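Chemist: Pasting a structure below so you can have a look.
The values are calculated or read from the model by the stated rules, or taken from the named source; none is laboratory data. As the structure is a computational prediction, the values presented were derived from the model and not from experiment. Neighbour counts run over all protein chains shown; Cβ positions are idealised from the backbone, glycine included.
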Amino acid sequence: MHPETIVLHGAYRHDEPTGAVAVPIYQTTSFQFKGTEHAENLFALKELGNIYSRIMNPTCDVLERRIAALEGGAAALALGSGQSASTFAVLNLCRAGDNFVSSTDLYGGTWNLFTNTLSSMGVEVRYANPSDPESFRRAVDGRTRCFYAETLPNPKLNVFPIREVADIGNELGIPLIVDNTAAPVICRPIEHGAHIVMYSTTKYIGGHGTSIGGLVVDGGNFDWEKHASRFPNLTQPDPSYHGAVWTEAVKPLGPIAYIIRMRVVLLRDIGAAMSPFNAFMFIQGLETLPLRIRAHCDNAVKVADYLSSHAKIAKVIYPGRQDGEMRRRADAYLGGSFGALIGFELKDGHEAGRRFIDALKMVYHVANIGDARTLAIHPASTTHSQLSPEDRLTTGVSEGYVRLSIGIEHIDDIIADLSQALDAA
Ligand code: PLP
């Protein structure tokens, strides 16, 4: 089926006991076993089923199976936030003393998580330059467990070379994890060779700015056993699960060793579960995601055109206005569109950025992206204000940089608000 159909029909027809067409919210902590044998089989993973909602829940299950179908993956896991999804994606492979190689172009929260929190736990992040895919290869050693990158990272909005780095990973036996938060539907990273995809569902998948959540999708396309010595978490007996070897244990269920281990070990122990109510909200969002993404992207093209000819703007940062290698990547990975994030630099710098934001009437001033509404922020005075101006510049944030997340309002209304705010900038 096509994405437009999968989001409505994938993994669920109706609720068996009631016939309900909308996915019910199974707001329950626990599930009655049919008997002791049933309970024993569930705990031994001989049978997959519901035990306790920290680990698995039927509402979350529909969301998980739908997103796995949409991405062309083997299985997925819903989590309490995008941050917990990035944490789990890496910690499922890394132990203290191990390292992983990440693109430098990251969401600030992920950068902090990697640079400070994971490092303090003994998991070393090594940063590689996404404009040079070979820098990923150079950073690898015998303790490297994965590569990590974002498809469409802001503020630079340079699309990541997914195929190139996934190919290096395939050669060396290292899986590529891709945060596809900013490009759902328009990019399917597994199709381009990525092995694991993660989302902050808080953004476009929810789409309405109501709920925090995350997802991890296992592509089922990485051969853990071939590179067994690199992945002891998956290929060695797990003392926390009566000696299970995950690559062996899941053989009857499919190539899902990575995601099963994440569910029954990390989610069991750390407990960053998505609530059934939030899963319901994300299922609602997912149903119209392909439609909304098209509208977001169509509006963004028009806004980028408008901004490009504005006298107060020095530069527009948008994949559709790039050239050379960055444009090639945008064309190769964004399915003929360019996403809905736009940056622009005001000629008059910092104070002009603040004046622009303060003059907005319809567009919201928030630290978020991917809402149905148009959103704006001036990073130099907010998200990037802790950095020195020099460090800000290396991340791509000049003093007059403004980030827009273009919504699905009528294009004339978006441009009218931007226009009157630019008059005041
Ligand atoms: N990844 C990206 C690209 C993001 O933009 C964000 C949040 O802004 C996250 C991850 C973290 O997600 P959450 O806020 O749902 O924890």
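Chemist: Within the range 165-187, can one find any residue that is within 16 Å of the ligand (Cβ to nearest atom), touching a Lys or Arg at 6+ places or on another chain (Cβ under 8 Å), over 26 Å from Ile317 (Cα atoms) and small (Gly, Ala, Ser)?
Modeler: No, the conditions are met nowhere in the range 165-187.
Chemist: Name the residue, out of Gly169, Gly207, Gly173, Gly122, that is touching a residue at least 60 places away in the same chain (Cβ under 8 Å) and either over 29 Å from Thr374 (Cβ atoms) or surrounded by 24 or more Cβ atoms within 10 Å (Cβ to Cβ) (or both).
Modeler: Every option except Gly207 fails the conditions.
Chemist: Can you name the number of the only condition in (1) more than 15 Å from the ligand (Cβ to nearest atom); (2) in contact (Cβ under 8 Å) with a residue 24 or more places away in the chain; (3) part of a loop (DSSP other than H, G, I, E, B) that Gln386 fails?
Modeler: (2)
Chemist: Right, another one. All but one of (1) touching a strand residue (DSSP E or B) at 6+ places or on another chain (Cβ under 8 Å); (2) among the basic types (Lys, Arg); (3) under 23 Å from Ser103 (Cα atoms) hold for Arg261; state the number of the condition that does not hold.
Modeler: Only one criterion in (1) touching a strand residue (DSSP E or B) at 6+ places or on another chain (Cβ under 8 Å); (2) among the basic types (Lys, Arg); (3) under 23 Å from Ser103 (Cα atoms) is unmet by Arg261, namely (3).
Chemist: Separate question: Out of the range 93-124, which residues are closer than 24 Å to Ser135 by Cβ, assigned to a loop (DSSP other than H, G, I, E, B) and not charged (D, E, K, R)?
Modeler: Leu93, Cys94, Gly97, Thr104, Leu106, Tyr107, Gly122, Val123
Chemist: Taking the range 192-203 as the search range and keeping residues that are in a loop (DSSP other than H, G, I, E, B) and more than 10 Å from the ligand (Cβ to nearest atom), which one is surrounded by the fewest Cβ atoms within 10 Å (Cβ to Cβ)?
Modeler: Gly193
Chemist: Okay, moving on. Can you tell which of Val159, Val178 is free of Cβ contacts under 8 Å to residues at least 60 places away in the same chain and buried (at least 24 other Cβ atoms within 10 Å of the Cβ)?
Modeler: Result of the check over Val159, Val178: Val178.
Residues checked against (1) assigned to a helix (DSSP H, G or I); (2) within 20 Å of Gly407 (Cβ to Cβ):
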{"site": "Asn299", "(1), (2)": "yes, yes"}
{"site": "Lys302", "(1), (2)": "yes, yes"}
{"site": "Tyr306", "(1), (2)": "yes, yes"}
{"site": "His310", "(1), (2)": "no, yes"}
{"site": "Val316", "(1), (2)": "no, yes"}
{"site": "Asp331", "(1), (2)": "yes, no"}
{"site": "Phe338", "(1), (2)": "no, yes"}
{"site": "Gly343", "(1), (2)": "no, yes"}
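Chemist: For a quick check of your reading: which helices (runs of 4 or more DSSP H) sit entirely within the range 1-75 and have at least 2 residues that are in contact with a helix residue (DSSP H, G or I) (Cβ under 8 Å, 6 or more places away or on another chain), hydrophobic (A, V, I, L, M, F, W, C) and modelled with pLDDT of 95 or more?
Modeler: 3-9, 58-71
Chemist: If Ser135 meets every condition in (1) within 16 Å of the ligand (Cβ to nearest atom); (2) buried (at least 18 other Cβ atoms within 10 Å of the Cβ); (3) polar (S, T, N, Q); (4) part of a helix (DSSP H, G or I) apart from one, which number is that one?
Modeler: Result: Ser135 passes all but (1).
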